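Okay, structure first, notes after.
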Amino acid sequence: MDIKDKIEELRTELHRHNYNYYVLNAPEISDKEFDDKMHALQELEEAHPEYMDATSPTMRVGSDINKNFTQVFHKYPMLSLANTYSEAEVADFYERVRKTLNEDFEICCEMKYDGTSISLTYEDGRLVCAVTRGDGEKGDDVTDNVKTIRSVPLVLHGGHYPSSFEIRGEILMPWAVFEELNREKEAREEPLFANPRNAASGTLKLQNSSIVAARKLDAYLYYLLGDNLPCDGHYENLQKVAEWGFKISDLTRKCHTLQEVFDFIKYWDVERKNLPVATDGIVLKVNSLRQQKNLGFTAKSPRWAIAYKFQAERALTRLVKVTYQVGRTGTVTPVANLEPVQLSGTIVRRASLHNADIIEGLDLHIGDMVYVEKGGEIIPKITGVDTDSRSFMSGEKVKFITCCPECGSKLTRYEGEAAHYCPNETMCPPQIKGKIEHFISRKAMNIDGLGPETVDLLYRLGLIGNAADLYDLTVEKIKGLDRMGEKSAENIIAGIAQSKKVPFERVIFALGIRFVGETVAKKIARAFKDIDELRQATFEKLISIDEIGEKIAKSILLYFTNEENCQLIERLKSSRLQLYRIEKHLSEYTDKLAGKSIVISGVFIHHSRDEYKELIEKNGGKNVGSISGKTSFVLAGENMGSTKLEKANKMGVAILSEDDFLKLIS
Ligand code: IVH
């Protein structure tokens, strides 16, 4: 076989394997075999540049040559769809179509994929051009970047496609890829992408296609355009398109009644949450191309299609101003104050802006129309700005404040961190109240009867200014205050007295030293016999302790350089808090489980789950949530979940019964 044939054969094979893997999800060969073939092809192509081909599978790896995009006019303008938000509007659309056509028709229901749209041109079965939507008339030529998307065919299958056609669809970044990318960005302290749509369109516009290749974009095609299309049905054309090697959605359905359309919408409104990619609605299209032609277009959108948008989990509203909240550790969080807007059943007036980098990344201006989203968190967040609606009337660019809004201190930003802090730990009101609230919280000193409102009241009346002041309160001093009866006053004072029995590790946690959480506090309590030993610890000593790295060590040192913190500790000592380790407690500590990661599963007889967690920690082990290759063993009670059991068996992770475990640590 001559070189040219060999190259051709490898190309054909690689295109097929690529399709099997990325479109059909059914690979026939191993990744290693695929890579070997790809390398073989790369070598042959390098040695024989005369056989270079723009649609070779080797084009998918991209190149790191920076490229500016040229603008290309669309042969057919890229229109948008009219949006609807209710069943009534969908019914109106259906009725309009029925009246205009005055004959039977089918409606094709599709997912509305929430990515960035693309138009691909194929000639003689090869991808020649990929253009973004741009302004609808012309867009950017992003062909090199699109070639890196494995589900986009570079060369078509079979021979029954038109010699020239355009196909449009959506480029998407799957949720999993998006989350991973943001994790990486977070680690590098780069601004995060607000959502997979921004991530997909941002990626597509990168000038270095080898980075695009690494970002693992996907594409679904949903609109075939051209002169000699195979069928009259849009749905039927999409089935053909799939035969040519394109990835189409397999969730599309043809409906024959309005009720079927509603059922489809209702089903996917819920189920879409389980899809691997983001969707923001359903697209309804009259199926017959002949009927589509009959219905025609308005200036902006087709009359034969509409989008039904899912209930606004994202809403567009105006940014009125940005205020700043100061937390217990002094972290300053910017908050967007918005014109009230309905979002997933509630009215939203405020949303988190996280930190200065996010504001900068959004290029936020007062008066901007902003997108608000409710993610998993309760507090909604701003995820984007509609820059198109920004006018010369828009207000100033939002600039992060330089001084604390509560106490006026100059803000600082620790190296390598996104957040700004108010350094005035001891005099800044929200920090004072926040620290006291943390001090009394359940996992810290667990003081019954005291909540944030009472703390606020006592602070405002000048009765408390720090945690030590709590121990100077008496029933006399607090009874009769705003709605406080004698009984509640007694309860509070009793709760405060009771807290003197709280062990050393929880007192350390209660102090609220930045970055010292529950686990670190436990490690500290094991390593130092009392607070004075901790106060005198050197940086080296601190970082020699398990779980304590440079960041935590520095924060502990900083805490003790503050004179007011030291005074607080002295006062807590004289109030007889346990700022020392009780050796009886220490005898409960061993190294028997040092370095072990242990999963707890099932129902237990001798101890509760929390007690087992504590036992694991007291013996130097770590309780982890899910089974992985790093799990040392599973502590299994009755009725351990079958998926966990299977996973443990599959990964060869040992399973210990309650009795075995107790023996191990006894
Ligand atoms: S058809 C003339 N089908 O929604 C109509 N669009 O607002 C051409 N989109 O720009 C579009 N999923 O980016 C169509 N199944 C789907 C879609 C879809 C998402 C996007 C597309 C378009 C926008 C229209």
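Which one of V270, V261, V277 is more than 28 Å from G62 (Cβ to Cβ) and open to solvent by less than 40 Å² (accessible area, probe 1.4 Å)?
From the options V270, V261, V277, the qualifying one is V261.
Which of the residues that make up segment 138-165 are within 16 Å of the ligand (Cβ to nearest atom), in a strand (DSSP E or B) and under 25 Å from P196 (Cβ atoms)?
G139, D140
For segment 379-415, name all the residues that are of a type in the set (S, T, Y), closer than 30 Å to L316 by Cα and surrounded by 15 or more Cβ atoms within 10 Å (Cβ to Cβ).
T383, S394
Would you mind finding the one in K622, K647 that is within 21 Å of E518 (Cβ to Cβ) and open to solvent by 70 Å² or more (accessible area, probe 1.4 Å)?
Matching residue, one of K622, K647: K622.
Looking at segment 114-137, which of the residues that are within 15 Å of the ligand (Cβ to nearest atom) and in a strand (DSSP E or B) is nearest to N195 (Cα to Cα)?
Ranking the candidates gives T116 first.
Could you say which residue among K573, K630, K618, K584 is modelled with pLDDT of 90 or more and among the basic types (K, R)?
Result of the check over K573, K630, K618, K584: K573.
I'm checking my understanding of the structure. Among residues of segment 73-113 that are in a loop (DSSP other than H, G, I, E, B) and open to solvent by less than 30 Å² (accessible area, probe 1.4 Å), which one is farthest from the ligand (Cβ to nearest atom)?
The extreme case among them is F105.
Could you pull out the residue among L593, L656, L572 that is of a type in the set (A, V, I, L, M, F, W, C) and under 29 Å from F439 (Cβ atoms)?
L572
Which pairs have Cβ atoms under 9 Å, sit 6 or more apart or on different chains, and link a residue in segment 599-628 that is farther than 19 Å from K644 by Cβ to one that is among the polar types (S, T, N, Q) and in a loop (DSSP other than H, G, I, E, B)?
Listed by first residue and then by second, the contacts come to K618/T590; N619/T590; G620/T590.
Mind listing whichever residues of segment 188-236 are touching a Leu at 6+ places or on another chain (Cβ under 9 Å) and among the small types (G, A, S)?
A194, A199, A200, A219, G233
What helices (runs of 4 or more DSSP H) completely inside segment 447-491 contain at least 1 residues that are over 43 Å from the mean Cα position of the chain (by Cα), surrounded by fewer than 15 Cβ atoms within 10 Å (Cβ to Cβ) and of a type in the set (D, E)?
Qualifying helices (runs of 4 or more DSSP H): 475-478.
Is there any pair with a first residue in segment 60-88 that is under 20 Å from L120 (Cβ atoms) and at pLDDT below 90 and a second that is away from the ligand (no atom under 16 Å from the Cβ) and aliphatic (A, V, I, L, M) whose Cβ atoms are under 6 Å apart and which are 6 or more apart or on different chains, and what are they?
Pairs found: V61/A213; G62/V212; G62/A213.
R60 fails exactly one of the following numbered conditions: (1) open to solvent by less than 70 Å² (accessible area, probe 1.4 Å); (2) in contact with a His (Cβ under 9 Å, 6 or more places away or on another chain); (3) away from the ligand (no atom under 16 Å from the Cβ). What is the number of that condition?
All conditions are met except number (2).
Could you run through segment 192-222 and say how many residues are hydroxyl-bearing (S, T, Y) and surrounded by 21 or more Cβ atoms within 10 Å (Cβ to Cβ)?
The total comes to 4.
Would you point out the residue of segment 303-339, among those that are assigned to a strand (DSSP E or B), closer than 30 Å to V270 by Cα and in contact with a helix residue (DSSP H, G or I) (Cβ under 7 Å, 6 or more places away or on another chain), that is nearest to the ligand (Cβ to nearest atom)?
Top of the filtered list is I306.
Looking at (1) assigned to a helix (DSSP H, G or I); (2) on the phi > 0 side of the Ramachandran plot, which one does I616 not meet, given that it meets all the others?
(2)
Give me the pairs, please: first residue somewhere in segment 198-214 and more than 14 Å from V177 (Cα to Cα), second residue anywhere and in a loop (DSSP other than H, G, I, E, B) and aliphatic (A, V, I, L, M), beta-carbon distance under 6 Å, and either six or more positions apart or on two chains.
L204/V142
Select the strands (runs of 3 or more DSSP E) contained entirely in segment 343-386, then report the ones holding at least 1 residues which are more than 23 Å from T331 (Cα to Cα), at pLDDT 90 or above and of a type outside the set (F, W, Y).
369-373, 381-385
The values are calculated or read from the model by the stated rules, or taken from the named source; none is laboratory data. If you're wondering where the values come from, they're calculated on a predicted model, not measured in any experiment. Neighbour counts are summed over all protein chains in view; Cβ atoms, including those assigned to glycine, are modelled from backbone coordinates with ideal geometry. Heads up: the accessible areas ignore ligands, DNA and RNA and are worked out on the full protein's heavy atoms, side chains in. Shrake-Rupley method; radii C 1.70, N 1.55, O 1.52, S 1.80 Å.
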